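What follows is a set of notes on a single structure, which appears directly below.
The values are calculated or read from the model by the stated rules, or taken from the named source; none is laboratory data. In this text, all values refer to a predicted model and were calculated from it rather than measured experimentally. Note that each Cβ is placed from the backbone with ideal geometry, even for glycine, and that neighbours are counted across all protein chains shown. Heavy atoms of the whole protein, side chains included, go into the accessibility calculation; ligands, DNA and RNA do not. Shrake-Rupley method; radii C 1.70, N 1.55, O 1.52, S 1.80 Å.
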Amino acid sequence: MPDLNPFTTLLNLTSGRLDPERNVVERRLPDLKGYFQSVPAGDDLVYTISGIPVPETNSEVMCSTTVLEPGNVDGEFYMTKGHFHIQRDRSEIYIGLGGEGLLVMASEAGEYVVEPLRRGTVNYIPGGWAHRSANIGSEPLVFFAAYIADAGHDYQTIELRGFPVLVMRGEGGADVVPNPSYAV
Ligand code: PAN
Ligand code: ZN
């Protein structure tokens, strides 16, 4: 007998809303203390993750949508915490559904790659690359993610080191600049 029964979830391709909503996590500004260069004020909602939970094994695929609100903290665009997967070799794909964003990926050696994230993009995040998305537009940034379900999330390394680059509001939109606090 297989372990799981098949099931279907409705994904609203514009809002990212899932039906049924099974597992929703909200991150507000105070949850992101230490991630932005400045200390954020207030308790605005920054992003919501809606997951489709499955057993956390390497036989399953975990899926979720993220809705990242527009905004910035002292010019640094609203962004996700970002993480490595605890199982470093676990890969992931993001499918952009709406809004305008950048996906910043970084290796432990400090190499980085910045890719567009918007409706229609399919970003491949290979194992070993930390990933963080930033909303550089004026609408919510919405994307769907799928990853090997036993990946796990290592936030601590990012909390300690940060990413090599920051995504800042600039004259022509977004500037990707070196992070002065990046701990090599
Ligand atoms: C995504 C992220 C989601 C929120 O589903 O978990 O966008 O970002 P943080 O987890 O960094 O707060 C993913 O990459 N999952 O592995
Ligand atoms: Zn991930």
Using a 1.4 Å probe over the heavy atoms of the protein chains, calculate the carbon and sulfur portion of the accessible area of segment 24-149 as a whole percent.
50
How much mean residue ellipticity at 222 nm does the chain get from its helices, if each DSSP H run of length 4 or more adds -39500 (n - 2.57) and you divide by all residues, to the nearest 500 deg cm²/dmol?
-500 deg cm²/dmol
Scattering profile of segment 53-110 at q = 0.12, 0.19, 0.21 Å⁻¹ [log10 I(q)/I(0), Debye over alpha-carbon scatterers]
-0.41, -0.96, -1.09
FRET efficiency, 1/(1 + (r/R0)^6) with R0 41 Å, evaluated for Val184 and Ile93 via beta carbons:
0.90
Charged-residue dipole, Cβ positions (Lys, Arg, Asp, Glu), segment 35-129 about Cα centre, Debye nearest 20:
220
Subtracting the Cα-Cα distance of Val122 and Arg17 from 0.36 nm times their residue separation yields 35.9 nm
Placing each pseudo-label 7 Å from Cα in the direction of the beta carbon, Thr9 and Glu60 end up separated by a distance in nanometres of 1.1
With each label point set 7 Å from Cα along the Cα-Cβ vector, what nm distance links Glu111 and Asp44?
3.5
Relative contact order (percent, whole number), the chain, Cα cutoff 8 Å, 6+ residue spacing
23
In segment 1-152, taking the dipole from +1 charges on Lys and Arg beta carbons and -1 charges on Asp and Glu beta carbons about the Cα centre, the listed residue (Ser138, Val46, Thr66) farthest towards the positive end is Ser138
With only alpha-carbon atoms counted, please give the Rg and Dmax of segment 1-112, in Å.
16.2, 55
Residue-normalised value, i.e. accessible area per residue, for segment 76-184 at 1.4 Å probe, in Å², stands at 45
Sorted by average packing, counted as other Cβ atoms within 10 angstrom per residue and highest first, what order do 80-92, 60-72 take?
60-72, 80-92
What is the gain in length, in nm to one decimal, between Asp150 and Val177 on full extension, counting 0.36 nm per residue of separation less the C-alpha to C-alpha distance?
6.4 nm
